[in-house]
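Below: the structure, in structure tokens.
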Amino acid sequence: MSFAQTCIVRCTDNDRVIDAEVIDFRQGSLLTVSLEREIKLVLKYDAHRNHYRGNMSGLEFVSDGPKELPRPNTRR
């Protein structure tokens, strides 16, 4: 499986939505993103709410993670 290199991260405290670059992604476990190429944010999977959740500077962030990219139909 391959996933997009970006994902949407939302701050639950002020409802700001940010398009973040994915640094590391482990499906169902961990999501590490770069916000505006300046801030590294680590989000852990919350199975009860089915999304990734993390905190930084007293703010809470959530994301559904990167979208799964379709696999090309190629023959060999």
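None of the figures in this text is laboratory data; all of them are computed from the coordinates on show. Here the structure is a predicted model, which is why all the values come from computation and not from measurement. Cβ sites come from the backbone with ideal geometry, for glycine too, and all protein chains shown count toward neighbours.
Computed from point charges on the beta carbon alone (+1 for Lys and Arg, -1 for Asp and Glu), the dipole magnitude for the chain about its Cα centre is near 500 Debye. Listed values for the range 24-39 are Karplus-derived 3J(HN,Hα) couplings in whole Hz (6.51 cos²θ - 1.76 cosθ + 1.60, θ = phi - 60°), namely 9, 9, 10, 4, x, 9, 8, 9, 10, 10, 10, 9, 6, 6, 10, 10, and x replaces Gly and Pro. With N the number of residues in the range 2-65, Rg(Cα) / (2.2 N^0.38 Å) evaluates to 0.99.
Per residue, the average separation of C-alpha pairs within less than 8 Å and at least 6 apart gives the chain a relative contact order of 33 percent. You can think of it this way: the chain between residue 18 and residue 36 has 5.7 nm of extra reach, that is 0.36 nm per residue less the Cα-Cα gap. Across the options 9, 50, 74, the greatest Cα extent toward the positive end of the charge dipole of the chain (unit charges at beta carbon of Lys, Arg, Asp, Glu) belongs to 74.
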